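Chemist: Below are the structure tokens for one structure; questions will follow.
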Amino acid sequence: YELSYVKDSSSVKESKELLVLLLKENQESFFQNYRQFKIDSTNTSEIKGVGVFIGEKIITNNSSKKIDISRNFNSVNTFYTEEIPEIWKIKKSETVINGIKCKEATLQAYGRNWTAYYSEDYPFQFGPYFFAGLPGLIVSIEDEQRFFKFKLISIRKENNVVRKIGNEKEVS
């Protein structure tokens, strides 16, 4: 995914960041900043979390309907848990994004109104960041003010191993 975002609501300058969403069938997803994912996968400890907007590791589990959010904060590995949003409103409109047939849905969550486009051609109930629970993969999602825009830019099949942080302290 590519995230386009505005760091300051009074600015028009957009920043961009690459993100990765890994899927384990339709059971679980793992979401993280792409650069951090590559650093973590090579087992190096240099420059973790530097210069990234999204620094969390996000694991979404369909069975438990929970989202676990992990982050290193002041040299302490922390995590907290949220529920998967289940208040999506499915719309009748359809569109094509990057050659993928998509349907529209809206959600009011995290203090914003969101519009998402998902594809039932990819029957995974996941998407970027904290977004999940639609009857297909979220291809695009943005907030009403267009401060945050996530867009799927590539799909490919790979074998990856995700390392959990471990020794995490739960925070509220």
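Laboratory data are not the source of any read-out in this text; all were calculated from the coordinates shown. Please read these numbers as outputs of a predicted model, since none were measured by experiment. Methodologically, a virtual Cβ is constructed for each residue, glycine included, from the backbone with ideal geometry; neighbour enumeration extends over all protein chains shown.
Chemist: With θ set to phi - 60°, apply the Karplus curve 6.51 cos²θ - 1.76 cosθ + 1.60 along segment 129-134 and write out the HN-Hα couplings as whole Hz, x wherever there is a Gly or Pro.
Modeler: 6, 8, 9, 6, x, 8
Chemist: If you average 1/r over all unlike Cα pairs in segment 47-144 and invert the result, what Kirkwood radius do you get in angstrom? Intermediate values should be presented prior to the final figure.
Modeler: Working: mean 1/r = 0.0684 Å⁻¹.
Hydrodynamic radius (Kirkwood, Cα only) of segment 47-144 equals 14.6 Å.
Chemist: Taking amide H atoms as placed 1.01 Å from N in the peptide plane, list the residues 5 or more away in sequence, or in a different chain, whose amide H sits under 5 Å from that of G127.
Modeler: I138
Chemist: Cut-off under 13 Å on the C-alpha distance; same-chain residues fewer than 8 positions from K91 excluded. Which aspartates and glutamates are left, in chain and number order?
Modeler: K91 reaches E104.
Chemist: I would also like to ask the following. What ranking do 148-154, 27-33 get when scored by the average of other Cβ atoms within 10 Å per residue, highest first?
Modeler: Taking the mean over residues of other Cβ atoms within 10 Å, the ranking is 27-33, 148-154.
Chemist: Moving to a separate point now. What ³J(HN,Hα) values, in whole Hz, does the Karplus curve 6.51 cos²θ - 1.76 cosθ + 1.60 give for segment 113-118 when θ = phi - 60°, with x put for Gly and Pro?
Modeler: Working through the residues one at a time gives 9, 10, 10, 10, 10, 10 Hz.
Chemist: Would you calculate the separation in nanometres between label points at T115 and Y80, each defined as 7 Å from the Cα along the Cα-to-beta-carbon direction?
Modeler: Distance between label points: 3.0 nm.
Chemist: Roughly how many whole Å is it from the C-alpha centroid of segment 126-155 to that of segment 1-15?
Modeler: 16
Chemist: For K66, enumerate residues with amide H under 5 Å from its amide H, sequence gap 5+ or separate chain, H modeled in the peptide plane.
Modeler: Residues meeting the criterion, in which the H sits 1.01 Å from N, are N61, I84.
Chemist: Continuing with the same structure: Could you sort out which of K103/K157; K101/K149; K89/K149; K13/K89 sit more than 28 Å apart by Cα distance in this structure?
Modeler: Exceeds cut-off: K13/K89.
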